[in-house]
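If you scroll down you'll find the structure; I have some questions about it.
Every number in this text was worked out from the coordinates using simple rules, so none of it is lab data. Since we're looking at a predicted model, the values are computed, not measured. Here the Cβ positions follow ideal geometry from the backbone for every residue, glycine too, while neighbour counts run over all protein chains shown.
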Amino acid sequence: MVDRLSERIHDEVLESLRRLVMGRVRIVAEICAHAMVSLTHALEHELGKKEGFEAARRAFMGPLVDERPRPSASGTSGSLQAYCAGLESGCAGTQEWERVEDRPDRIGYRFHRCIWAELFRELGRPDIGHWFCDGDADSARAFDPRIGFQRTRVLMDGDPYCDHLYYLEPEER
């Protein structure tokens, strides 16, 4: 009885902390999303719809490209497990997911919640929110050129979840 009570209290405390963190992360994410939409609107007004959108996208994607995880300093490629550990760490606080496949050569996820998808859909600009999704395949390949990526469902598009599959490409002989 005491063990079950202790476990329940532990779970409730963890859930309370998770809600607190998600609430604070959402406030910061809201500020960022509003700023991105406002800046994109300003550029679209100044440069034209298409040109302004592309200028904002390039400005957003540039730092993401530069900050992608890289292979280790020794010059050897990283591993799929190391990449996915970094991915999970980077998604903590803004997404909720589960691993649905976990093999040495394949790791699959189902993302049930994404603050970015929620916010940009609420703001009526999922096209801007897609910038967060656009670098997924390139980021994996930048970490290790052998890592492939597949996705068929996207929360930003209104799907019930995002499915991410990271896999190791067969080595060429």
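Separation between the ARG153 and GLU122 pseudo-spin-labels, each 7 Å from Cα along Cα→Cβ, expressed in nm?
For the pair ARG153/GLU122, the computed spacing is 2.3 nm.
What nm value, rounded to one decimal, do you get for the distance between LEU39 and GLU12 when each label is placed 7 Å out toward the C-beta?
For LEU39 paired with GLU12, the spin-label model returns 4.4 nm.
Same structure again: Hey, fewest Cβ within 10 Å first, where do TRP97, TRP116 land in order?
Working: TRP97 18, TRP116 22.
Listed from fewest to most nearby Cβ atoms, that is TRP97, TRP116.
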